[in-house]
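Inspection log for the structure reproduced underneath, given as structure tokens.
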Amino acid sequence: MNPHPPTAIDLSLAEARRLAIAASGIHPPLPQPTVEGVLGRLRIIQLDSINVLARAHQLTFTSRLPHATTAAVDADLQVAPPPVAFEYPAHAHALVPLNDWPLWAFRRRAARRRPEYPNRAERDRILSLIREHGPLTQRELRQPGDRASSGWAWGPGKQAVEFMLWAGDLICVRRTPRWERLLDLPERHLPPRLHTDAQSDDECLTALLTHAGRALGIATTSDLADYLRIPTRAATRLLPHSPLLPATVPGWNRATWTHPDAVTDPGKPDGSAVFLGPFDNLIWYRPRTQRLFGFTHALEAYKPARQRVHGYYVCPLLAHDQLIARADLAYTEGTLTTHLTTTEPDAPPETHHLLRVAYAHMTTAVDTWSTPEFQ
């Protein structure tokens, strides 16, 4: 594809915000309001082990599916065959559409070149166990005497499994009820047309940058690179050869791009209000969140309690086209609980009502029956 001409699409900051929200599938709702539809739009949905409110991926889905529950989301992902997604280190560890397997060949090839990639004897041992016994957890694949892993301190067994997953020797499309990954052979879940590394690195990256551009709606080169966790220089080189169009937004003093399908009038913001999980695609890259909304978003769960400003598991409140408040939420003994709510200095007068609207939605999403009082 030929590089784009220099003419850029001019957008105001308010237009950029509305375009980004619409592209993310929050409002207006997606044309296909299903788990598969959300996955198809975002292409990468982050996973995380924190579960004080709900799993990170569950919140990303339910914020875009007004009548869905966390249980229904996982039923669609975990129960219904054939699988619609696999787990992969895309942005971070994430759910990725099964159909996108060929596009991550560039990362699989890179993983096989890493010194941490296990030797052939260890790979053969793990693959033989799975061939004989079917899908197994990482714990079941450990050799006797292997030290257990703790957090980021990986034992040799976990390191071997992780790099085999990154390299495409293994695939995870299901988890156990205890939230352990079930590791299997890719050929058991991928049709031959998908089980391929045929595309070049540049072909993979150009296609993935295009998907990222559609998911973000409006994004700088660094935003797009962060979405895929690739070097900015690679995105800079390939974006002019993608279908994305150059754009300008006042105050964004860097190359900016939009997807042709996103450049439509998303309409005026409606009266909806929804809490976003802290790992939501719309806000996961802090520089973009600040640039779009003037909102400083930080995950404080990993900080000591005395250093937290807003709380442990803080969910920003998106109302209309602004982030106007945030709440530290938890799901405890069947009840949605808020530990702290803070509003932005320029929050509108109806913020109290919008918080109640968002609490009601969250209450339904996590299958609770009482709406908490908030401070």
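Miscellaneous remarks
- Filter result (more than 21 Å from THR332 (Cβ to Cβ) and surrounded by fewer than 19 Cβ atoms within 10 Å (Cβ to Cβ)) within the range 55-75: PRO66, HIS67, ALA72, ALA75
- Strands (runs of 3 or more DSSP E) fully within the range 303-370 counting 1 or more residues that are surrounded by fewer than 22 Cβ atoms within 10 Å (Cβ to Cβ): 322-332, 335-343
- Hey, ASP48 surrounded by fewer than 21 Cβ atoms within 10 Å (Cβ to Cβ), acidic (Asp, Glu) and part of a loop (DSSP other than H, G, I, E, B) or not: yes
- In the condition set (1) out of contact with any strand residue (DSSP E or B) (no Cβ under 8 Å at 6 or more places or on another chain); (2) part of a loop (DSSP other than H, G, I, E, B); (3) in contact (Cβ under 8 Å) with a residue 60 or more places away in the chain; (4) not β-branched (Val, Ile, Thr), LEU53 is compliant with all but (1).
- Any hit, the range 137-158, residues being closer than 27 Å to GLY40 by Cβ, free of Cβ contacts under 8 Å to residues at least 60 places away in the same chain and within 26 Å of the chain's Cα centre (by Cα): no
- Of the residues making up the range 9-32, those that are out of contact with any Leu (no Cβ under 6 Å at 6 or more places or on another chain) and in a loop (DSSP other than H, G, I, E, B) are LEU11, SER12, GLY25, ILE26, HIS27, PRO28, PRO29, LEU30, PRO31, GLN32.
- For beta carbons closer than 7 Å, sequence separation of 6+ or different chains, a first residue in the range 9-37 that is farther than 23 Å from LEU65 by Cα and a second that is among the small types (Gly, Ala, Ser) and modelled with pLDDT of 95 or more, the qualifying pairs are ILE9/ALA247; LEU11/ALA247.
- Taking the range 88-106 as the range and being more than 14 Å from ILE44 (Cα to Cα) and either modelled with pLDDT under 95 or buried (at least 22 other Cβ atoms within 10 Å of the Cβ) (or both) as the test, no residue passes.
- Among residues that are within 20 Å of ASP197 (Cα to Cα) and out of contact with any Cys (no Cβ under 8 Å at 6 or more places or on another chain), ILE44 is included.
- Taking (1) small (Gly, Ala, Ser); (2) over 19 Å from VAL38 (Cα atoms); (3) in contact with a strand residue (DSSP E or B) (Cβ under 7 Å, 6 or more places away or on another chain) in turn, GLY213 satisfies each apart from (2).
- Any pair with Cβ under 7 angstrom, 6 or more apart, that starts in the range 290-303 at a residue that is over 22 Å from ASP48 (Cβ atoms) and ends at one that is among the aromatic types (Phe, Trp, Tyr) and surrounded by 13 or more Cβ atoms within 10 Å (Cβ to Cβ): ARG291/TRP252
- Filtered by the rule that a residue be assigned to a loop (DSSP other than H, G, I, E, B) and not hydrophobic (A, V, I, L, M, F, W, C), the range 188-197 gives HIS189, PRO191, PRO192, ARG193, HIS195, THR196, ASP197.
- Any hit, the range 176-183, residues being without any contact (Cβ under 8 Å) to a residue 24 or more places away in the chain, surrounded by fewer than 19 Cβ atoms within 10 Å (Cβ to Cβ), assigned by TED's automatic domain parsing to the domain that holds ILE50 and under 28 Å from VAL79 (Cβ atoms): yes
- Complete set of residues in the range 329-366 that are among the hydroxyl-bearing types (Ser, Thr, Tyr), closer than 15 Å to VAL274 by Cβ and out of contact with any strand residue (DSSP E or B) (no Cβ under 8 Å at 6 or more places or on another chain): THR364
The values are calculated or read from the model by the stated rules, or taken from the named source; none is laboratory data. The model shown is predicted, which means the values in this text are computed figures rather than measured ones. Every residue, glycine among them, receives a Cβ derived from its backbone with ideal geometry; neighbour counts consider all protein chains shown.
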